[in-house]
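The values are calculated or read from the model by the stated rules, or taken from the named source; none is laboratory data. All values derive from a computational prediction rather than experimental measurement. Cβ sites come from the backbone with ideal geometry, for glycine too, and all protein chains shown count toward neighbours. Only protein heavy atoms, including side chains, enter the accessible area calculation; ligands, DNA and RNA are left aside. Shrake-Rupley method; radii C 1.70, N 1.55, O 1.52, S 1.80 Å.
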Amino acid sequence: MPIEHPIFKDIDEDNNNEFLRPGSLIKKEEFFRLISQALREHGYNQTANTLESESGIIYEEPNMIQFRECILNGDWKQAESLLCFLKIKDNDYNECLFLIRQQKYLELLEKKKVNKALMVLRKELTPLQVNLNKLYELSCYIMCTNIEDIKKRSNWDSENSRSTLLNELQNFISPSVMIPKHRLETLVEQSLQFQKMNCLYHNTNEKSLSLFVDHKCLREKLPKITSHILEGHNDEVWNVCFSPDGKYLASGSKDSTTIIWDTSNFKLKCVLEGHTDAISNMYWSPDSTHLLTCSNDRTIKLWDIINGTLVHTYKKHTEGVTSCAWLPCGTKFVSGSLDKCLYLWNINGTILHNYPSSRVTDLAISKDGTRLVTICYEKKIRIFNVETGEEISSIQETDFITSLCLSNDSRYALLNLRSIQEIHLWDLEEKRIVQKYSGQKQGRFVIRSCFGGLNQTFIASGSEDFNVYIWNRKKGCLISSLSGHTASVNSVAWHPTRNLLVSASDDNTIRCWENELKD
């Protein structure tokens, strides 16, 4: 017979709730119930019984235990009679009845007891007047001669359906009666996530964090020390980018050359010569074997990096080529220019599409290859469907945008703005600015920023005051500035797997920044 246990009284009924200690926010009863649940979930039933016996606090009241057994054993009538003891809201009561009777109906169909199933449908499910669309769907199953058809159409797994039903019912049962699964583990996980989010210098690939101490990353783990100065260009270095596998670094310069550096020792691997004007941008192929270089000489060149040889020159643009980006397939790419042309190319030189465009200053392709994101002179972000060329959406900025960088998940766009000297992080799905970063100087030149850290937890940018700046991505606060260059810093890049940052400058050098603590 159902009974009411005293520990399940409403809070208002008992003002003598005990806490773990004076000043604690944790109620003793809830705390020990969670411990008991965790013990049982991991098979320590005897220990849980001992805890309940010594504390006088039980994990679940008898009515809840009985209800669970009724659901798992298919005692539907008794299960329904216990619903009133589970603190279910009045407007949810029929929803729970519907779920139980739906299970009963499907099991009868599985046993080919069609007449009984029909009675449940007519006399038990229909009068509830709940979820009429689902009711219509259930009525159609009567006509199915094969239970496998029903399982396929309803996505019903008969073997685990009762456990699934119990999980669905839990959405309506008061959590004080039926504690959500793994609740203690969930709370601990949330605590660790909170600590990570509030760690300004979080940059670790550790798979787990200790529960014994609060998590805190050391500031010294940020890139801070100049480990190498790369000298090979004889004019301003405008851009740097790592290959996806991290083995190589490419640097493009006003001197019309691109240099490939081996990141294992930062020795010069090869110099790519052939352009007749400054290198405006560079993009690695997805497999790290080829590099596209864009130039003010109005051409794009494709290089074989393994052999250091020129593969193809693409000539179509009538003004300087500002940007290009590979599709994930590695056989197509998009190029943008100040000539208001935006082309989709096959690597053999065939133009597959010409997107409607304005003067493009930078662009990027989403990781799945479906979206093309561009920035243009109109202070706009424009997003296209790569396959159809249709403009999906546009976002208006308040200032001239000098550069664009997409996050790894392609949801966020990082934009450097010229006059207001800010970097904006846009959520492209919600079309809103989620964070602003300030401190760097920008006004005359194209300055590029990037996401950084092992989980893209940082934002880094060059600056016209010769420094490199690093911010915490979520909080937007400036956490480091790196000095050493003697002229404007135009571009930065963070190594994809190492705690290594590089910067390119008008002082003709590239600096490699590493942390004080060797990883």
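Just to be sure before I move on: is V213 closer than 29 Å to K475 by Cβ and of a type in the set (A, V, I, L, M) in the structure I sent?
yes
Yes/no per residue for (1) closer than 21 Å to Q129 by Cβ; (2) surrounded by 18 or more Cβ atoms within 10 Å (Cβ to Cβ); (3) assigned by the TED database to the domain that holds Q129:
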{"residue": "K27", "(1), (2), (3)": "no, no, no"}
{"residue": "R33", "(1), (2), (3)": "no, yes, no"}
{"residue": "Y44", "(1), (2), (3)": "no, no, no"}
{"residue": "S53", "(1), (2), (3)": "no, no, no"}
{"residue": "C84", "(1), (2), (3)": "yes, no, yes"}
{"residue": "K89", "(1), (2), (3)": "yes, no, yes"}
{"residue": "Y93", "(1), (2), (3)": "yes, no, yes"}
{"residue": "R101", "(1), (2), (3)": "yes, yes, yes"}
- Just checking, how many residues over region 397-414 are under 13 Å from T374 (Cβ atoms) and not in a strand (DSSP E or B)? 1
- Task: Look at region 470-486 and say how many of its residues are farther than 25 Å from E206 by Cα and open to solvent by 20 Å² or more (accessible area, probe 1.4 Å).
- Result: 4
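So which residues in region 207-219 are part of a loop (DSSP other than H, G, I, E, B) and either in contact (Cβ under 8 Å) with a residue 24 or more places away in the chain or among the hydrophobic types (A, V, I, L, M, F, W, C) (or both), if there are any at all?
Of everything in region 207-219, those that are part of a loop (DSSP other than H, G, I, E, B) and either in contact (Cβ under 8 Å) with a residue 24 or more places away in the chain or among the hydrophobic types (A, V, I, L, M, F, W, C) (or both) turn out to be L209, L211, F212, V213, C217, L218.
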- Selected residue [closer than 22 Å to H312 by Cβ, assigned to a strand (DSSP E or B), in the same structural domain as T293 (by the TED database) and within 21 Å of the chain's Cα centre (by Cα)] from L425, L352, L372: L372
- Query: If the Cβ limit is 6 Å and pairs must be 6+ apart or interchain, which residue in region 342-355 that is within 10 Å of E387 (Cα to Cα) pairs with which residue that is among the β-branched types (V, I, T) and surrounded by 12 or more Cβ atoms within 10 Å (Cβ to Cβ)?
  - Reply: L344/V334
- Query: Being open to solvent by less than 30 Å² (accessible area, probe 1.4 Å), without any contact (Cβ under 8 Å) to a residue 40 or more places away in the chain and assigned to a strand (DSSP E or B), is that true of even one residue in region 447-465?
  - Reply: no
- Message: Going residue by residue through region 197-206, is there one that turns out to be within 19 Å of N515 (Cβ to Cβ), open to solvent by 50 Å² or more (accessible area, probe 1.4 Å) and free of Cβ contacts under 8 Å to residues at least 24 places away in the same chain?
- Response: yes
- Answer yes if at least one residue in region 240-249 is more than 18 Å from T486 (Cβ to Cβ), at pLDDT 95 or above, surrounded by 14 or more Cβ atoms within 10 Å (Cβ to Cβ) and of a type in the set (A, V, I, L, M), and no otherwise. yes
- Message: Any residue that is in a loop (DSSP other than H, G, I, E, B), open to solvent by less than 90 Å² (accessible area, probe 1.4 Å) and either modelled with pLDDT of 90 or more or touching a strand residue (DSSP E or B) at 6+ places or on another chain (Cβ under 7 Å) (or both) - is there at least one of those in region 157-173?
- Response: yes
- Message: For D507, only one of the following conditions fails: (1) more than 22 Å from the chain's Cα centre (by Cα); (2) outside any loop (DSSP other than H, G, I, E, B). What is its number?
- Response: (2)
- Checked L478, L500 against criteria (within 13 Å of S227 (Cα to Cα), touching a residue at least 12 places away in the same chain (Cβ under 8 Å) and of a type in the set (A, V, I, L, M)); the one match is L500
- Item | Set Q37, Q66: member being within 41 Å of the chain's Cα centre (by Cα), open to solvent by less than 70 Å² (accessible area, probe 1.4 Å) and either touching a residue at least 60 places away in the same chain (Cβ under 8 Å) or not assigned by the TED database to the domain that holds Q103 (or both) | Q37
- Hits in region 56-81 - residues which are within 27 Å of K28 (Cα to Cα) and assigned to a helix (DSSP H, G or I): P62, N63, M64, I65, Q66, F67, R68
- Message: Which count do you get for residues in region 265-318 that are open to solvent by 10 Å² or more (accessible area, probe 1.4 Å), farther than 22 Å from E231 by Cβ, hydrophobic (A, V, I, L, M, F, W, C) and in a strand (DSSP E or B)?
- Response: 3
- Message: Residues that are in a helix (DSSP H, G or I), modelled with pLDDT under 95 and in contact with a strand residue (DSSP E or B) (Cβ under 8 Å, 6 or more places away or on another chain): does region 33-48 have at least one?
- Response: no
- Message: Can you list residue pairs whose Cβ atoms sit under 9 Å apart, with the first residue in region 220-241 being of a type in the set (G, A, S) and the second being part of a strand (DSSP E or B) and surrounded by fewer than 15 Cβ atoms within 10 Å (Cβ to Cβ)? Count only pairs 6 or more apart in sequence or on different chains.
- Response: G232/L268; G232/V271
- Residue pairs qualifying under the 8 Å Cβ cut-off, at least six apart or on distinct chains, with the first in region 250-266 being over 22 Å from A278 (Cα atoms) and polar (S, T, N, Q) and the second being open to solvent by less than 10 Å² (accessible area, probe 1.4 Å) and assigned to a strand (DSSP E or B), are T263/L249
- Only one of (1) open to solvent by less than 10 Å² (accessible area, probe 1.4 Å); (2) among the polar types (S, T, N, Q); (3) under 15 Å from C450 (Cβ atoms) is not met by N499, so which one is it? (1)
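To keep it simple, each residue is scored yes or no on (1) open to solvent by 50 Å² or more (accessible area, probe 1.4 Å); (2) at pLDDT 90 or above; (3) among the polar types (S, T, N, Q); (4) out of contact with any helix residue (DSSP H, G or I) (no Cβ under 9 Å at 6 or more places or on another chain).
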residue: I3; (1), (2), (3), (4): yes, no, no, no
residue: D14; (1), (2), (3), (4): yes, no, no, no
residue: N17; (1), (2), (3), (4): yes, no, yes, no
residue: P22; (1), (2), (3), (4): yes, no, no, yes
residue: E30; (1), (2), (3), (4): yes, yes, no, yes
residue: E60; (1), (2), (3), (4): no, yes, no, no
